[in-house]
Amino acid sequence: MTDTKLSKQESIKRESHYLKGNIAEEMADLSTPEVSDATYELLKFHGSYFGYDRDTATERKQRGEDKEWEFMVRMKCPGGRLTAAQYVALDALAEKYANSSLRITTRETFQFHCIKKVAMQPLIRDINLLLLSTLGGCGDITRNVITCPAPIKNPHYTKLEEDTFLLAKHVAPKSNAYYEVWMDGEVVADYPFKPEPAASEPLYGATYMPRKFKIAIGRPEDNCMDALCNDLAILTLFNGYEHFGYNFALGGGLGMNHNQPKTYPYLARPIMFVPPDMLVPATEAVIKLQRDFGDRSDRKHARLKYLVAEKGTPWIKQELEKYLGRAMDDPKPMKDFAVEDHTGWHEQGDGKWFLGVPVMSGRIADSDGAAIRSGLREVILEYGMDLRLTADQNIILCDIEASEKPAIEQTLRKHGIKLREDLTPMAKNFLACVAYPTCGKALSEAERVAHPLVADIEKVMQRQGVIDENIAIRIAGCPNGCSRPYVGDIGIVGRTPETYALYIGGDFEGTRLNEKIFDKVPFDALPQTLEPMFALWREKRSPGEAFGNFCARYGVDAVKQTAVAALGKEF
Ligand code: SRM
Ligand code: SF4
């Protein structure tokens with residue numbers, strides 16, 4: 001491949017001296033709120049996106065004013081683990097430097113929004129002083145390593161946590177540029193995931209990965225973080241409590257463009273069995289494979305999924321074996337995929353309890369409806385428990401004594417926070433991406449319409465007698481699919497400011513992609529469009545059959561035609 005064919009991001013990376021670029025100088029220049037294109041790209045590796053408030057842009061332009069430029073900051077937080085002290089301090093940082101909210105992401109970490117340039121260095125510095133990081137939050141690098149968040153004290157969960165920390169540390173970028181830019185070169189005291197800073201990148205090299213790279217470590221029996229949507233899904237295998245290795249599945253990724261069939265969502269395919277002592281070298285081999293073979297000329301074709309889909313799994317396995325210098329076994333048989341519900345109260349296995357608190361769209365903020373932020377802060381300050389952020393945008397409060405349960409519930413409810421039993425299963429499972437006003441890619445609303453949309457779908461489900469059914473509905477403001485809309489029972493994907501593409505037929509367990517049935521459903525028509533499909537489901541389902549499974553068995557097209565007949569039109 002010649003230089004001229006490479007995407008512009010490739011030369012920006014190569015010339016950046018391991019992510020240093022001109023970031024420090026540009027961030028210190030407060031005479032402009034903006035940054036250069038190169039700094040925009042490099043900042044992603046440091047955990048930040050530069051953008052503007054999309055709500056005010058048009059009005060300001062009409063008034064001849066500049067956009068409201070601002071930054072988003074995304075932390076790295078492997079497995080979503082936080083201490084109470086970290087949480088309370090992050091909450092204070094959100095007040096001081098961001099928009100008074102913390103946003104739990106679909107990858108078990110926090111984002112801060114609406115940060116002014118002047119606040120960037122103090123915010124990132126303060127995050128580091130809490131022994132957390134933003135390095136590699138975004139960018140062409142391994143992102144936050146995710147795992148099952150349940151704080152259950154048994155060998156399954158202990159192993160998942162150990163491996164998550166091990167890999168998170170191993171695959172973190174090593175460049176010391178991050179510390180030079182934000183910390184005056186200081187590297188704060190050690191914490192479980194912190195890399196040893198270096199002047200180069202032994203694993204990634206000077207141009208890092210061709211594109212973002214995502215790892216999830218889980219067990220098939222609890223696929224609560226949709227492992228198969230990751231470039232590398234590590235499925236940990238046990239015989240009883242005895243761990244005997246991993247199945248590596250490669251090539252998950254959801255981003256696509258409407259009407260561009262060469263881009264598509266894809267679920268990771270099982271490639272090989274990895275014995276316990278080969279976790280790190282096998283992970284490195286996968287990273288090297290994508291590093292060396294991923295398409296660096298076309299960023300729309302650069303994810304590992306395109307290599308897997310186009311070259312085929314035998315080729316992928318053969319290349320991995322070359323990096324590893326040995327033959328690898330085929331994947332071992334696995335248990336059926338299932339998803340456990342970590343909201344509500346659960347015993348931890350050590351005499352204590354955990355409480356999974358559902359947070360609609362992951363937005364921890366005080367609003368008219370509920371003072372989620374104040375309620376969580378009060379409980380966490382009072383009881384000082386450890387916390388876990390989940391991939392379905394919820395938060396888990398850990399290590400609670402049975403005697404503390406009533407008071408904790410009371411405090412949360414006093415602030416208007418709804419717990420699992422106050423919500424329908426659909427509302428509890430609902431995911432929405434950030435979208436407007438901060439996401440530069442949003443074609444339509446998502447997070448901000450989640451509450452009214454859920455309420456309207458609930459009315460329809462109530463009418464059709466399916467209100468108590470467990471169903472995964474996910475909305476995204478554009479086809480990039482940050483709320484994983486293509487793997488739920490129902491996916492709603494922004495198409496134009498007022499319309500959404502509708503997908504059905506995925507499964508709750510995250511093993512099957514759904515299919516598009518309508519291209520442009522007006523937002524207000526979404527609940528009515530679902531109603532005839534829910535009616536058909538209730539009438540024709542086999543006992544206990546979930547909506548997505550029903551659609552797949554009955555036929556996605558047949559379900560669609562029932563809706564078309566009932567509505568008298570297609571969208
Ligand atoms: Fe995402 C880009 C938000 C999880 C696929 N994602 C973005 C950006 C940075 C927009 C941009 O590029 O300008 C969004 C920032 C919005 C904002 O204002 O905050 C954004 N993505 C998010 C989060 C916050 C959504 C959420 O509601 O929680 C999630 C942060 C995860 C994290 O902590 O690291 C988030 N994004 C995902 C996921 C889900 C997952 O990883 O399990 C996906 C689908 C899986 C995948 O990777 O394919 C996802 N985001 C994308 C894509 C499409 C990538 C592709 O291969 O085509 C983009 C666009 C891009 O990279 O060019 C994107
Ligand atoms: Fe933004 Fe699209 Fe991701 Fe939603 S799915 S956060 S609109 S990039």
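Expressed as a whole percentage, what fraction of the accessible surface of the chain belongs to carbon and sulfur atoms when a 1.4 Å probe is rolled over the protein heavy atoms?
On the way: 10870 of 21610 Å².
The nonpolar share, carbon plus sulfur, comes to 50 percent.
Where the centre of each part is set by its Cα atoms, how far does segment 316-330 sit from segment 35-63, in angstrom?
When both Cα centres are located, 43 Å separates them.
Note down the net charge around residue 351, summing +1 for each Lys or Arg and -1 for each Asp or Glu among other residues with Cβ under 15 Å from its Cβ. Could you put the intermediate results ahead of the total?
Working: positive: 153, 352, 405; negative: 347, 350, 399, 401, 404.
Summing Lys and Arg as +1 and Asp and Glu as -1 gives -2.
Considering only protein heavy atoms, what per residue accessible area in square angstrom results for segment 131-201 with a 1.4 angstrom probe?
Details: 2150 Å² over 71 residues.
Counting only protein heavy atoms, the per-residue value for segment 131-201 is 30 Å².
Given a cut-off of under 8 Å on Cα pairs at least six residues apart, what relative contact order in percent is computed for segment 31-114?
Working: 100 pairs, mean separation 21.8, N = 84.
Reported relative contact order: 26 percent.
May I ask which of 335/516; 67/214; 300/520; 352/418 have a Cα-Cα span longer than 25 Å here?
On the way: 335/516 29 Å; 67/214 33 Å; 300/520 23 Å; 352/418 22 Å.
Among 335/516; 67/214; 300/520; 352/418, the Cα-Cα distance tops 25 Å for 335/516; 67/214.
I need to check one value: relative contact order of segment 179-337, counting alpha carbon pairs closer than 8 Å and at least 6 residues apart, in percent.
On the way: 256 pairs, mean separation 34.7, N = 159.
22 percent.
Under the rule a/c < 1.5 gives rounded, and otherwise a/b versus b/c splits prolate from oblate, where does the chain land using the Cα gyration tensor? Write out the running numbers ahead of the final one.
On the way: a/c = 1.23, a/b = 1.16, b/c = 1.06.
Rounded shape, in that the Cα axes give a/c under 1.5.
Placing unit charges on C-beta atoms (Lys and Arg positive, Asp and Glu negative, everything else neutral), compute the dipole magnitude of the chain about its Cα centre in debye, rounded to 20. Please list the in-between numbers first.
On the way: 72 positive and 80 negative charges, 257 e Å.
The calculation lands at about 1240 debye.
If you project the alpha carbons of segment 144-220 onto the principal axes, what extent comes out on each, in Å, largest first?
41, 31, 17
Quick one: net charge of residue 282's neighbours, Cβ under 12 Å, K/R +1, D/E -1?
Details: positive: 288, 317, 326; negative: 163, 277, 284, 321, 329.
Computed value for this residue: -2.
Can you work out the accessible area per residue across segment 429-571, with the rest of the protein chains kept in place, probe 1.4 Å, in square angstrom?
Numbers: 5290 Å² over 143 residues.
The answer is 37 Å² per residue.
Quickly estimate the mean residue ellipticity at 222 nm for the chain, helices only: each DSSP H run with n ≥ 4 gives -39500 (n - 2.57), and the total goes over all residues, rounded to 500. Show your work: numbers first, answer last.
Details: 18 runs with 190 residues, N = 571.
About -10000 deg cm²/dmol.
With the contact rule set at Cα under 8 Å and sequence spacing of 6 or more, what percent relative contact order holds for the chain? Intermediate values should be presented prior to the final figure.
Numbers: 1261 pairs, mean separation 69.0, N = 571.
That works out to 12 percent.
Can you list the cysteines of the chain that have no other Cys Cβ under 4.7 Å away?
So, 77, 114, 138, 148, 224, 229, 398, 439, 478, 551.
Kindly write out, for segment 271-285 in residue order, the coupling ³J(HN,Hα) from the Karplus curve 6.51 cos²θ - 1.76 cosθ + 1.60 (θ = phi - 60°), rounded to whole Hz, with x marking Gly and Pro.
10, 7, 8, 10, x, x, 7, 10, 4, 5, x, 5, 5, 4, 4
Explain nothing, just compute: Karplus ³J(HN,Hα) = 6.51 cos²θ - 1.76 cosθ + 1.60, θ = phi - 60°, for every residue of segment 553-563 in order, whole Hz, x for Gly and Pro.
For segment 553-563, the Karplus curve yields 6, 6, x, 4, 5, 5, 5, 4, 5, 4, 5 Hz.
Using a probe radius of 1.4 Å on heavy atoms only, what accessible surface per residue do you get for segment 339-428? Whole Å² is fine. Walk me through the intermediate numbers first.
Working: 3570 Å² over 90 residues.
In whole numbers, segment 339-428 has 40 Å² accessible per residue.
Put 165, 273 in order of accessible area, largest first, 1.4 Å probe: what do you get?
165, 273
May I ask you to work out the translational diffusion coefficient for segment 413-527 at 4 °C, viscosity 1.567 mPa s, via Stokes-Einstein with Rh from the Kirkwood sum over Cα pairs, reported in whole µm²/s?
Numbers: Rh = 14.3 Å.
It comes out at roughly 91 µm²/s.
Gap in Å between the Cα centre of segment 418-442 and the Cα centre of segment 107-172?
Computed from Cα coordinates, the inter-centre distance equals 21 Å.
Which order do you get for 184, 456 if you rank them by accessible area with a 1.4 Å probe, largest at the top? Please list the in-between numbers first.
Values: 184 135, 456 65 Å².
Largest accessible area first, the residues go 184, 456.
Please report the spacing between the Cα centers of segment 515-571 and segment 334-379 in Å, no decimals.
So the two Cα centres are separated by 31 Å.
Could you give each residue of segment 566-571 its phi-based ³J(HN,Hα) in whole Hz, using Karplus coefficients 6.51, -1.76, 1.60 with θ = phi - 60°, and x for Gly or Pro?
Here the 3J(HN,Hα) series is 5, 8, x, 6, 9, 10 Hz.
Obtain the nm distance between the two label points defined at residue 196 and residue 350 by a simple spin-label model: each point lies 7 Å from its Cα along the Cα-to-C-beta direction.
Those two pseudo-labels are separated by 3.0 nm.
The values are calculated or read from the model by the stated rules, or taken from the named source; none is laboratory data. Treat the numbers as computed from the prediction; the structure is a model and nothing was measured. Cβ: placed from backbone, ideal geometry, glycine included. Neighbour counts: every protein chain shown. Side chains included, ligands, DNA and RNA excluded: accessible areas come from the protein's heavy atoms. Shrake-Rupley method; radii C 1.70, N 1.55, O 1.52, S 1.80 Å.
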